[in-house]
Amino acid sequence: MPWNFMQVEIAAADALIKPMIGPGELDRTQVHAEIQSILDRAPQLASVAATWRRGAKDDTVYAGPLIWTIYEHPAGEDPRRAALVWLEDLAATMRGAGVDVQIARLP
C-alpha cells in the first residue's frame with residue numbers, strides 16, 4: 001500500500017483539529033523524508049526532528065499543538081479518506097480525555 005503524511009494543528013481557540021494532508025501515493029521512505037524536511041526547517045523543533053530521525057513511536061511526533069504523522073492508504077484511493085480515519089481516532093481520544101474538539105473540513 002502507498003503511504004502519505006500529514007501535519008495536524010490542534011487549534012484550541014476554536015476547538016478544531018486542522019490537518020494539512022500530503023498528496024498520497026508515496027512510499028514509506030518518501031513520506032518519512034517529507035516530515036523530516038518539515039521538522040528540519042524549524043530550528044525550534046530540533047529535538048522533535050531528532051526524535052523523528054531516530055524513529056518515532058507509532059510514526060508520530062508532537063510539539064505543542066502540532067502533530068506530524070505518516071500513514072498507509074489504499075492504492076488509487078484519495079489519501080484523505082485514510083487521513084480522516086486517523087483524525088477521527090485522534091478526536092475520539094481527545095474527547096475521551098474531556099477535550100471537546102471537531103475536525104476541520106478537509107481540503
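Surrounded by 12 or more Cβ atoms within 10 Å (Cβ to Cβ), of a type in the set (A, V, I, L, M, F, W, C) and at pLDDT 95 or above, is that true of LEU90? Taking the combined requirement at face value, the residue satisfies it. Condition check: touching a His at 6+ places or on another chain (Cβ under 8 Å), in a loop (DSSP other than H, G, I, E, B) and modelled with pLDDT of 95 or more. Does GLY98 satisfy that? Judged against the criteria, GLY98 is not a match. Looking at segment 11-32, can you tell me whether even one residue there is of a type in the set (Asp, Glu), part of a helix (DSSP H, G or I) and loosely packed, with under 12 Cβ neighbours inside 10 Å? Yes, the conditions are met somewhere in segment 11-32.
Does segment 62-72 hold any residues that are surrounded by 14 or more Cβ atoms within 10 Å (Cβ to Cβ) and not charged (D, E, K, R), and which are they? Outline the logic, then answer.
In the first step, residues of segment 62-72 are kept if they are surrounded by 14 or more Cβ atoms within 10 Å (Cβ to Cβ); the result is 62-63, 66-72.
Those that are surrounded by 14 or more Cβ atoms within 10 Å (Cβ to Cβ) and not charged (D, E, K, R): TYR62, ALA63, LEU66, ILE67, TRP68, THR69, ILE70, TYR71.
Of all the listed residues (ALA75, ALA42, ALA46, ALA82), the sole one being surrounded by 13 or more Cβ atoms within 10 Å (Cβ to Cβ) and either of a type in the set (A, V, I, L, M, F, W, C) or touching a helix residue (DSSP H, G or I) at 6+ places or on another chain (Cβ under 6 Å) (or both) is ALA82. Checking each residue in segment 33-73 for being in a strand (DSSP E or B) and hydroxyl-bearing (Ser, Thr, Tyr) picks out THR60, TYR62, THR69, TYR71.
The values are calculated or read from the model by the stated rules, or taken from the named source; none is laboratory data. Just so it is clear, the model here is predicted, and its values are computed rather than measured. So basically every Cβ, Gly included, is an ideal-geometry build from the backbone, and we count neighbours across all protein chains shown.
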